[in-house]
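These notes are about the structure you will find just below.
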Amino acid sequence: SLGAVHAARREYAAQESLLVRAIAVDPNAPSLRTGLAVARLHQGRYDDAGRVLAATEQRFPGLRGTQSARIALAASQQDWDAAEREARELVARAPADSAEALDGAATLGAILMTQGRLGDAEQQLRRALTLGARYGAARQSYAAALSLAYLELRYRQSPGAAVATVNAALVRSPLARLEPDARPYEEFARFFANAGYPTRAADLMAQAARAARAADRGASDATHRWAAGAIAVAERRAWEGEIEIRGAAETHPC
């Protein structure tokens with residue numbers, strides 16, 4: 001857990017050290033090993049990360065977490081052929097109507113969209129939306145809906161379709177159904193700002209602030225600043241937007 005705190009602060013060497021200690025305490029926890037691989041890939045040590053994943057696969061064959069980490073390793077190096085191959089294997093191994101299929105479709109959709117293969121990406125994202133609604137997986141449904149909406153907004157120049165996609169997702173899974181501190185207000189605020197609705201975005205940011213107070217926590221600095229920057233740009237305060245977005249980029253854990 002302390003390693004996760006360091007990771008959120010981009011202190012990946014400290015995270016790695018703690019994960020090595022955790023593995024020494026419990027060598028039979030594969031999630032610690034995949035976490036170690038990801039900590040190393042975040043430091044750009046791709047070969048080291050690959051060796052950890054290979055050893056983990058040999059000791060704990062067939063785990064979804066290991067395959068997801070392999071996808072992250074390939075994507076981090078922009079090896080999209082390998083990332084797609086791993087993602088398609090993940091989809092193929094999952095039962096057709098399952099939560100695993102939902103994760104696989106969303107991951108594959110993101111990889112395909114990154115390559116500009118919009119039709120194939122849309123097919124996978126819509127499948128993820130359908131499965132997310134079926135399993136009541138609100139967060140995954142939100143992520144798929146936002147990815148699909150950005151596809152419509154940025155690449156098909158269809159802001160109306162993009163907003164309709166997000167509105168439909170919020171009707172299917174209202175934010176109020178989630179615990180206040182689990183509601184991704186800022187992510188939706190950023191979308192609506194980018195779609196040209198800064199007033200609605202600002203209202204979502206106000207709701208985020210109220211939820212943070214109710215949960216007695218601060219707002220996520222990077223996520224909050226990213227959304228605030230998008231709102232500033234939408235309101236033609238580009239210089240302020242740049243300051244906020246640069247600040248977000250410097251503090252975001254990814």
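The values are calculated or read from the model by the stated rules, or taken from the named source; none is laboratory data. For clarity, every value in this text was computed on a predicted model and none was experimentally measured. Cβ coordinates were reconstructed from backbone atoms using ideal geometry, including for glycine residues, and neighbour counts include every protein chain displayed. Calculation scope for accessible area: heavy atoms of the full protein, side chains included, ligands and nucleic acids excluded. Shrake-Rupley method; radii C 1.70, N 1.55, O 1.52, S 1.80 Å.
Some points to look at:
- What the phi angles of the stretch 48-65 give under the Karplus curve with 6.51, -1.76 and 1.60, with θ = phi - 60°, is a coupling list of 4, 4, x, 5, 4, 5, 4, 5, 5, 5, 5, 7, 10, x, x, 7, 5, x Hz, glycine and proline written as x.
- Working note: Karplus 6.51/-1.76/1.60 with θ = phi - 60° gives the stretch 71-77 the couplings 4, 4, 5, 5, 5, 4, 8 Hz, where Gly and Pro are set to x.
- Taking the accessible area of the stretch 1-64, probe 1.4 Å, and keeping the other protein chains in place, the carbon and sulfur fraction comes to 55%.
- Normalised contact order of the chain, rounded percent, pairs of Cα under 8 Å and 6 or more residues apart: 10 percent
- For the chain, accessible area per residue (1.4 Å probe, heavy atoms of protein chains only), Å²: 52 Å²
- Normalised contact order of the stretch 94-239, rounded percent, pairs of Cα under 8 Å and 6 or more residues apart: 15 percent
- For the chain, the longest principal axis of the Cα atoms and the long axis of helix 138-150 meet at an angle of about 70 degrees.
- Cα gyration tensor shape of the stretch 110-254, rounded if a/c is under 1.5, else prolate or oblate by comparing a/b with b/c: oblate
- In terms of the mean number of neighbouring beta-carbon atoms within 10 Å, the peptides 158-165, 140-147 order highest first as 140-147, 158-165.
- Over the chain: helical MRE at 222 nm, DSSP H runs n ≥ 4 each giving -39500 (n - 2.57), nearest 500: -24000 deg cm²/dmol
- Separation of alpha-carbon centers, the stretch 39-85 and the stretch 185-208, rounded to whole Å: 35 Å
- Among (1) 6, 24, 29, 22, 14, 5, 1; (2) 6, 19, 22, 20, 15, 11, 6, 1, 0; (3) 7, 25, 34, 27, 7, 0, the entry that matches P(r) over Cα pairs in 10 Å bins from 0, in percent as calculated here: (3)
- Candidates per trypsin sites (Lys or Arg not before Pro) in the stretch 153-231, loop by DSSP, up to 11 other Cβ within 10 Å: R217
- Three-way shape call for the stretch 51-162 based on the alpha-carbon gyration tensor, with the a/c threshold at 1.5: oblate
- For the stretch 1-86, a/c is not less than 1.5, where a ≥ b ≥ c are the root eigenvalues of the C-alpha gyration tensor, and a/b does not top b/c. That puts it in the oblate class.
- Working note: Karplus 6.51/-1.76/1.60 with θ = phi - 60° gives the stretch 95-106 the couplings x, 4, 10, 8, 5, 5, 5, 4, 4, x, 5, 5 Hz, where Gly and Pro are set to x.
- The apolar share of the surface of the stretch 93-183, taken as the fraction of accessible area on carbon and sulfur atoms (1.4 Å probe, ligands and nucleic acids excluded), comes to 52 percent.
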